[in-house]
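J.: Here it is, the structure, as structure tokens.
What follows is calculated from the coordinates using simple rules that are stated; it is not laboratory data. Since this is a predicted model, take the numbers as computed values, not measurements. Cβ sites come from the backbone with ideal geometry, for glycine too, and all protein chains shown count toward neighbours.
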Amino acid sequence: MYKDKLNDLIDSSGKMFREKYLKEHHIEICEDVIKFIKLNDLDSLPFKQQVYHYLNDIKNIVKCKNPNCNNTVKFKNSTIGYYTYCCNKCIGSDPDIIKEKELIIRKIWYKNTSTIQYNKIQNDRNEY
Ligand SMILES: [Zn+2]
């Protein structure tokens, strides 16, 4: 309920992500945010991140998407939220990304070879 209210009040100024402003103008929302943070043990986060967690119902500290990595990721801003990976190395070594890359390479390879074959057929035809 407070979440919807908060969503309605968010504007580009970012004031709804400031603890001081929320406390002074929307104490009920602020208390609801704090309740959520306490419940999920997210006290260590900066307030604007706490609001983001509250809004998006993220109950854990956000970790790097690479399954072999346990680092936390940087918070970009309250619109975009968190980065997916902690560093470029993790993007490059994520098994999912590697699989995706291979798939793209295979697709390109397939496309090229089929074009070559197609051209070959065309050339063969031209020989008649
Ligand atoms: Zn990582």
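J.: Round to the nearest 0.05 the FRET efficiency obtained for residue 121 and residue 98 when R0 = 41 Å and r is the Cβ-Cβ distance.
T.: E between residue 121 and residue 98, to the nearest 0.05, is 0.75.
J.: Could you tell me which residue out of 49, 98, 27 lies farthest along the dipole of the chain toward its positive end? Charges go on the beta carbon: Lys and Arg +1, Asp and Glu -1, centred on the Cα centre.
T.: Ranked along the dipole, the leading option is 98.
J.: Turning to a different aspect of this structure: Using the Cα centre of the range 1-59 as the reference point, and only Cβ charges (+1 on K/R, -1 on D/E), how large is the resulting charge dipole? Debye, rounded to the nearest 20.
T.: 140 debye
J.: Counting only residues 5 or more places away or on other chains, whose amide H sits under 5 Å from the amide H of residue 82 once H atoms are built in the peptide plane?
T.: Amide H neighbours of residue 82: 76.
J.: Once phi is turned into θ = phi - 60°, what whole-Hz ³J(HN,Hα) does the Karplus curve with 6.51, -1.76 and 1.60 give for every residue of the range 94-111, x standing for Gly and Pro?
T.: The phi angles translate into 5, x, 5, 5, 4, 4, 4, 4, 4, 5, 5, 4, 4, 4, 4, 4, 4, 4 Hz.
J.: Given N residues in the chain, what is Rg(Cα) / (2.2 N^0.38 Å)?
T.: Details: Rg = 24.6 Å, N = 128, 2.2 N^0.38 = 13.9 Å.
The value comes to 1.77.
J.: Could you pull out every one of the lysines with an alpha carbon less than 25 Å from that of residue 48, ignoring same-chain neighbours closer than 8 positions?
T.: Counting by Cα, and skipping residues close in sequence, residue 48 has these lysines nearby: 3, 5, 15, 20, 23, 35, 38, 59, 63, 65, 74, 76.
J.: From the P(r) of the range 1-59, could you give the percentage of C-alpha pairs in the tail past 12 Å?
T.: 62 percent
J.: Here is a follow-up. Explain nothing, just the number: dipole magnitude of the chain about its Cα centre with +1 on each Lys and Arg Cβ and -1 on each Asp and Glu Cβ, in debye rounded to the nearest 20.
T.: Computed charge dipole of the chain: roughly 440 debye.
J.: With θ set to phi - 60° and the Karplus curve 6.51 cos²θ - 1.76 cosθ + 1.60, what are the ³J(HN,Hα) couplings of the range 37-43 in order, to the nearest whole Hz, using x for Gly and Pro?
T.: 5, 5, 4, 9, 6, 10, 4
J.: Something else: Give the separation of the Cα centroids, the range 46-69 to the range 91-128, in Å.
T.: One Cα centre to the other: 39 Å.
J.: With unit charges on the beta carbon (Lys/Arg positive, Asp/Glu negative), name the residue among 88, 16, 108 whose Cα is farthest towards the positive pole of the charge dipole of the chain.
T.: 108
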